[in-house]
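Have a look at the structure below, then the notes.
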Amino acid sequence: MNVFKLAVTIIARHWSYLLIYTLALGCMAILGSGAIEAPQASEFSNDAPKVAVVDRDGSELSAALKDFALKDAVEVHVEDFTFALQDAAAKDLASYVLIIPEGFQEGLVEAAHSGADAPTLETVVSYQGARGALMDQRVKAYVQSLYGFASTDVQASAHDIANNATAACGDETPVELFSVDSEGLSAKYINFAAFSAYALFTSSAIFIAVGLASLRKTEMRRRLVVGPVRSESYGAQVGLACVLASLVIWAVIAAAGLAVFRPLAGGAAPASVAIVVFGQLGVALIGAAFGFLLWQLGASESVANGAGNIVGLACSFFSGAWIPLSIVGEGVRVAAAFTPFYWATNAMIEVSQAPQITSGLALQAAGEVGVTFLWALVIAIIAVAIGRVRLRERGA
Amino acid sequence: MKENESANSVVSVRSLVKRYGDILALDHFNLEIGKGEIFGLLGPNGCGKTTAINCMLQLLAYDKGDIELFGEAMKPTRYDLKRRIGVVPQQVAVFDELTVFENIDCFCALYVSDKTRRRELVEEAIEFVGLEDYRKMRPKKLSGGLLRRLNIACGIAHKPELIFFDEPTVAVDPQSRNAILDGIVRLRDEGATVVYTSHYMEEVEQICSRIMIMDGGKILALGTADELKRGIAVGEKIVIELPGAVEARGCAAAQTVGALPHVLSCEFANGELHAACEASERNLLDVLGALKSSRVAVGRVYSEPPTLNDVFLEITGRELRD
């Protein structure tokens, strides 16, 4: 085990990388996750967007539309000229600006009777938050109702059309909040686990690739290869040193998460905590395998730093650590399934959302975590193969 | 090859051929090194010295030939033979992350697993190369000469029977160079066999019991330093200062000396007359007599035997350091 001891020693001498990546990024993950609060309200209430309506028509239908838009909203008054309207949205003075054009009522009724398109509303939606976009959807739905009632009864007055549309769109879905005795994990802990994937991967990969760099120098390899150490044993011992380095990183980050977020004290099932912790281990081992690969490729210190960070960021993005995968496109979700952290994060989210950890769920999550371990194994095998090819090339 | 010669050989290489594509790096290379020898491989850069060593150490695959170390066929998996070998590479190969002691210990640990024994060996190696005061220092704090000494200590700490030194004195100050050369002789005295490659002729001549001169992957000459020098026509080199001699007069004097029967060549350059003579007891008297009869004023005169560079020059027609 002399090569193992040597490899561990020279990796450990690059402890500054532990400080930079493991501790700094680990702290970032803790602080970032600590800022995320789970919903605490006891009653449900609709979010009130800030809405400005400019009615240039002054008709009965436009008044009904204005009333509908301002219902459950905070009204904001803006001047009726282009710059002021755009400025209101840009500065987030209003989440949504609705301009009802002149001749709206007449145009809508005529269009409904003839089957033509309804008059277009001019709208400005704030890019900050989704409130404006949601309001836009509601307004469009209301205009569709107006159009529908106008087209079904050609004799109906504007008053009747408005009343019918308001009644149709006025129904609200009853919402009730209730709490469940859950064995799941806190949102903070799960967010930490997802964020920590970047720290685990990047730390392991860079710590190993940079730490082992001197073992790759030509003269050093020459000196080691002429020694009485079998090449298989040499590779295995270096590999073991990589695993040990990643275990240390995993232990630091996983322990920090358990100590800060105390998931077991919060009533989470030990099985769900185990899934998270083993998921983190899988990611750390992927980092170790990737660092081993970079080392076999002879990556310089700057290349190892760059590659470790870029791949770590990309993989954690695809795992849903930065943006929930539920709100990204289908293509991204499909691509994410072919990235290594996805499976670990998916398993963590599944156990965190389940009210109870059944054996079936535990097995499924363990299987997903197992996929993460397989990723590590595959990358390590590729690294070993590359190392052998390069060794043969040098010997040819 | 004589049978008894092969039986005593620590290194035996027969008809070794190594090609790099179309380039023939070793052309039917043969080598026999006996126990307790310091064997010098001499030749310009790219002559095949390092390739030959790499083949012997199984760091390079070769196209043809046989290599035996300690009387047994050397293969990449002969770890028992590798255990008896030490290598001091041309480039300093030590870990910047480790101290002097740790560096020597980690390489020694590849060969010796017993901790107590290893500690003794490491201490001996440190003492051998004179790094006692630098035990806890990292390599980056050592001078070039001390680094070279550390490089040597890492290769010899496990007390190998056969040691390959590949240009160990490149870029080393004279004091460290002498210490290194003395150390190699001491290793030989302690029973090790040494293969020493260099392009510094003086060093090779100083410590090697036999010398092989190589060029273009071929063996050009083999023997002791004296045997090699005796094998060439030049037996003595005479240098005479001609104070105040102008170019024309110096060239005329060179012509006069060059016409002497034992003088092989004579040139005038930088106010000095350089005469290469065959081995003869009267060379100096004849040359000075010729200059006196030509009424040429003579300054300092000195005579020296031929060097290995002269051997190389005569065999290849070019300087060793070209």
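Across the options A:T339, A:V210, A:V389, the greatest Cα extent toward the positive end of the charge dipole of chain A (unit charges at beta carbon of Lys, Arg, Asp, Glu) belongs to A:V389. B:I219 contributes about 60 Å² of solvent-accessible surface, heavy atoms of the protein only, 1.4 Å probe. Helices of chain A meeting both criteria, an alpha-carbon length of 27 angstrom or more along the long axis and an average Kyte-Doolittle score not below -1.0, with helices taken as full DSSP H segments, are A:131-152, A:187-211, A:231-261, A:270-296, A:359-395. Averaging the sequence gap over all C-alpha pairs within less than 8 Å and six or more residues apart, then dividing by the number of residues, gives the range A:50-168 a relative contact order of 29 percent. Rolling a 1.4 Å probe over the protein heavy atoms of the protein assembly as shown, with every protein chain left in place, gives an accessible area that is 56 percent carbon and sulfur.
Residues whose amide H comes within less than 5 Å of that of A:K50, counting only those at least five positions distant or on another chain, are A:V74, A:S95, A:Y96 (H built at 1.01 Å from N in the peptide plane). Along chain B, the longest continuous region that contains none of the trypsin sites (Lys or Arg not before Pro) in a DSSP loop with at most 14 other C-beta atoms within 10 Å is B:137-281.
Can you give the helix-only mean residue ellipticity at 222 nm for chain B, where every DSSP H stretch with n ≥ 4 adds -39500 (n - 2.57) and the sum goes over all residues, rounded to the nearest 500 deg cm²/dmol? Present the calculation step by step, with values, prior to reporting the outcome.
Values: 12 runs with 115 residues, N = 322.
Calculated at 222 nm, the ellipticity per residue is -10500 deg cm²/dmol.
Calculated on the alpha-carbon coordinates, the convex hull of the range A:255-396 measures out at 134 cubic angstrom per residue. Taking N as the residue count of the range B:184-322, its C-alpha radius of gyration divided by 2.2 N^0.38 Å amounts to 1.26. Among A:E330, A:E350, A:E75, the largest mean-square fluctuation in a Gaussian network model of chain A (Cα springs under 10 Å) belongs to A:E75. The value for the range A:50-168 of Rg(Cα) / (2.2 N^0.38 Å) is 1.05.
Angle between the Cα long axis of helix B:247-258 and the longest principal axis of chain B, 0 to 90 degrees, nearest 10? The angle comes out near 80 degrees.
Chains B and A together bury some 2600 Å² of accessible area, summed over both sides, with a 1.4 Å probe.
Of all lysines in the structure, the ones whose alpha carbon falls short of 22 Å from that of B:K82, not counting any fewer than 8 places away in one chain, are A:K5, A:K217, B:K18, B:K35, B:K49, B:K64, B:K115, B:K159.
Rg and Dmax of the range A:344-396, based on Cα coordinates, read 18.3, 61 Å.
Post the alpha-carbon centroid distance, the range A:273-302 to the range B:6-29, in whole angstrom. Centre-to-centre distance over Cα atoms comes out at 44 Å. Computed per residue of chain A from DSSP H runs no shorter than four, each worth -39500 (n - 2.57), the mean residue ellipticity at 222 nm is -21500 deg cm²/dmol. Over chain A, Cα pairs under 8 Å with separation of 6+ residues give a relative contact order of 20 percent. Per residue, the accessible area of the range B:9-230 comes to 40 Å², computed with a 1.4 Å probe over protein heavy atoms only.
With N set to the number of residues, divide the alpha-carbon radius of gyration of the range B:236-305 by 2.2 N^0.38 Å and report two decimals.
On the way: Rg = 10.5 Å, N = 70, 2.2 N^0.38 = 11.1 Å.
Expressed relative to 2.2 N^0.38 Å, the Cα Rg reads 0.95.
Based on alpha carbons, the Rg and Dmax found for the range A:90-130 are 13.9, 41 Å. Cα-based values for the range B:9-230, radius of gyration first and Dmax second, are 17.2, 51 Å.
About its Cα centre, what dipole magnitude does chain A give when the only charges are +1 on Lys and Arg Cβ and -1 on Asp and Glu Cβ, stated in debye to the nearest 20?
With only Lys, Arg, Asp and Glu charged at Cβ, the dipole is about 4200 debye.
Using a cutoff of 8 angstrom between alpha carbon atoms and counting only pairs six or more residues apart, the relative contact order for chain B works out to 19 percent. When the charge dipole of the protein assembly as shown is built from unit charges on Cβ atoms (+1 for Lys and Arg, -1 for Asp and Glu) and taken about the Cα centre, the candidate among A:A193, B:V87, A:G239 whose Cα reaches farthest toward its positive end is B:V87.
Taking the longest Cα principal axis of chain B as reference, the axis of helix B:174-189 is set at about 60 degrees. Taken about its Cα centre, the range B:236-305 carries a charge dipole of roughly 280 debye when the Cβ of each Lys and Arg holds +1 and the Cβ of each Asp and Glu holds -1. The P(r) of the protein assembly as shown has a tail past 49 Å containing 48 percent of all C-alpha pairs. Under a 5 Å amide H cut-off, with hydrogens placed 1.01 Å from N, B:L59 pairs with nothing among residues at least 5 apart or on other chains. Each of B:Y62, B:F101, B:F39 was scored by the projection of its Cα onto the charge dipole of the range B:1-126, and the greatest displacement toward the positive side belongs to B:Y62; charges sit on the C-beta of Lys, Arg, Asp and Glu.
About the centre of its Cα atoms, the protein assembly as shown shows a dipole size close to 3620 debye [charges on the beta carbon of Lys, Arg (+1) and Asp, Glu (-1) only; nearest 20 debye].
Computing FRET efficiency as 1/(1 + (r/R0)^6) for B:K141 and A:K5, where r is the C-beta to C-beta distance and R0 is 22 Å, gives about 0.40.
A probe of 1.4 angstrom, applied to the heavy atoms of all protein chains, finds B:H28 with accessible area near 90 square angstrom. Across all directions, the average flat footprint of the convex hull enclosing the Cα atoms of chain A is 27.1 nm². Surface exposure of the range A:255-381, expressed per residue as accessible area with a 1.4 Å probe, stands at 43 Å².
The values are calculated or read from the model by the stated rules, or taken from the named source; none is laboratory data. This one's a predicted model, so the numbers in the text were calculated from it and none came from an experiment. A quick note on method: Cβ atoms are made from the backbone with ideal geometry, for glycine too, and the neighbour counts reach across all protein chains shown. Protein only, heavy atoms only, side chains kept; ligands, DNA and RNA dropped before computing areas. Shrake-Rupley method; radii C 1.70, N 1.55, O 1.52, S 1.80 Å.
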